[in-house]
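Below is one structure; the comments refer to it alone.
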Amino acid sequence: AATVVKLMRVAMLLPVIVCAVMLSRGRAGEQGGKRPPILPWFAVGFVLLAALNSTGWIPKSVQTFANDLSGWCLVIAISALGMKTQLKELASVGIKPIVLMVGETVFLAALVAAMLHWGM
C-alpha cells in the first residue's frame, strides 16, 4: 500500500506543480508583480534525475546511497515540522484547513484501498 501511495504522489507531483504555478502566475499578472517561472528548478531537476535514473547508467551503489540520504532528509524535514507545530496554533487557523487535511487523508486512503481491492 505504501508503494502505491508513493507512486501516486510522485506521478501527481508535476501536474500539481504546473497547476499551482499557473494559478500564481495569473494572480501575479493581475497584480503587476513578477511572474514565477512555469516550472521551478527543483521540478526540472526532479524530472531530469528521474529520467537519468531510468536509463540504468547510475550504479546501484549510488542509487542506494541516494535513497538512504533521501530517506534521512525526509525524516529530518518531517521532524522539524513536527517540532515547530503546536496544536494550539493549529486550532487557531480554524476548522476549514483541518477538515481539508482530514478529507485529503480519507480520500487518499480510500483511493489506495480501492486500487488494492481491484488489483490496479
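The values are calculated or read from the model by the stated rules, or taken from the named source; none is laboratory data. Model, not experiment: these values are computed from the prediction. Because the Cβ atoms are built from the backbone with ideal geometry, glycine has one as well, and the counts that use them run over all protein chains shown. These area figures cover heavy atoms from the full protein model, side chains too; ligands, DNA and RNA do not enter into them. Shrake-Rupley method; radii C 1.70, N 1.55, O 1.52, S 1.80 Å.
Our estimate of slack between residue 100 and residue 84, defined as 0.36 nm per intervening residue step minus the Cα-Cα distance, is 3.7 nm. Extension gain, residue 48-residue 114: 0.36 nm per intervening residue step, less the Cα-Cα distance, totals 20.6 nm.
Number of Lys-Lys pairs in the chain with C-alpha atoms under 29 Å apart and a separation of 8 or more places or on different chains: 5.
Given a Förster distance of 22 Å, report the FRET efficiency between residue 74 and residue 18 from their Cβ-Cβ distance, rounded to the nearest 0.05.
0.45
Computed over protein heavy atoms with a 1.4 Å probe, the carbon and sulfur contribution to the accessible area of the range 73-114 reaches 78%. Taking each DSSP H run with n ≥ 4 as -39500 (n - 2.57) and averaging over every residue of the chain yields -28000 deg cm²/dmol at 222 nm. Looking at the chain, the accessible area is 84 square angstrom per residue; that uses a 1.4 Å probe and ignores ligands, DNA and RNA. In plain terms, the C-alpha convex hull of the chain casts an average shadow of 10.9 nm² when viewed from every direction.
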